[in-house]
Each structure stands twice: as structure tokens, then as C-alpha cells.
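Beneath this line is the structure, given in C-alpha cells, with notes to follow.
The values are calculated or read from the model by the stated rules, or taken from the named source; none is laboratory data. The structure displayed is predicted, hence computed values, not measured ones. FYI the Cβ positions are ideal-geometry reconstructions off the backbone, even for glycines, and counts take in every protein chain you see.
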Amino acid sequence: MIGEPVGWLNTALPLAALAGLALLLPEVLAPRGNLSQRRLGLAVAATAGLVWLAGAALFAALYAAAGADVGGALAAGPGATAALFLLRSAGAGLVWLPLVGLVWLIKAQAVERRRGEAAAREGRRCGG
């Protein structure tokens, strides 16, 4: 991986996979009918953590595909090796983390719209 030129298989495809996961997971963890901002916030936090871990696993797989002895490195120094892949994944967060934030904003607005519609159906005022 290190010393290889940037290419579709070692850069664009993994980033696209992480971005897709960042867009998909909030839909799974906080379904469309959700009326709770707390549940949405927890789903977004879980999404960020899961995509970060998935990115670390993806980087480990990319290193292994490039010929690095990832299993041996994990056996010799699990903490340092895990930290390496987690740091690599954090760097990829520059691509997927803004997408998670955008999804959070869009879904938060949808939650408030649904809450307002529910209040209107019940004849209550919402807001202040």
C-alpha cells in the first residue's frame, strides 16, 4: 500500500464504499418514521463509529492485499497495529464524516417536520 500509486482500487473504491456506508447506516439505524432527535443522534454517533471501524478493517485488507503481513503485525503488536489502521481510517473520515453530518441535518429536519405534523393532527401548537 505504501509506495503504490494512487489508483481506483486502493483509493477511490474504498472511499466510495465508506461514503456509501455513511449514507446507508443512518437509514437502517434510525428508520423514516422516527420522531426522536435522541434516537437520531445515537444513530448518527453509531454510524460514525461503525464507519470508522469499517474503514480500519478496509485499510487492513488493503495492506494485506498489497502483500503486508497484517496478521503477523497484529500478533506481534495488536495495539500499535490497530492504532495504525484506526488512524488511516480517521484520515478517510475527511471524506465520509461530512456526509454523516449532512445526513444528520437532513434527517433532523425531517424529524421536526413529522413532529410538527403530528402536533397539527392533534390540534396542538408546537414550538412556542
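As a summary of the residue check, Leu62 satisfies the conditions (1) of a type outside the set (Ser, Thr, Tyr); (2) closer than 30 Å to Arg114 by Cα; (3) over 15 Å from the mean Cα position of the chain (by Cα) except for the one numbered (2). Restricted to helices (runs of 4 or more DSSP H) entirely inside segment 20-125, those with at least 1 residues that are of a type in the set (S, T, N, Q) and either modelled with pLDDT under 95 or surrounded by 14 or more Cβ atoms within 10 Å (Cβ to Cβ) (or both) are 37-65, 78-122. When you check Ala46 against the structure, is it among the small types (Gly, Ala, Ser), in contact with a helix residue (DSSP H, G or I) (Cβ under 6 Å, 6 or more places away or on another chain), closer than 30 Å to Glu117 by Cα and touching a residue at least 60 places away in the same chain (Cβ under 8 Å), yes or no? In short, no.
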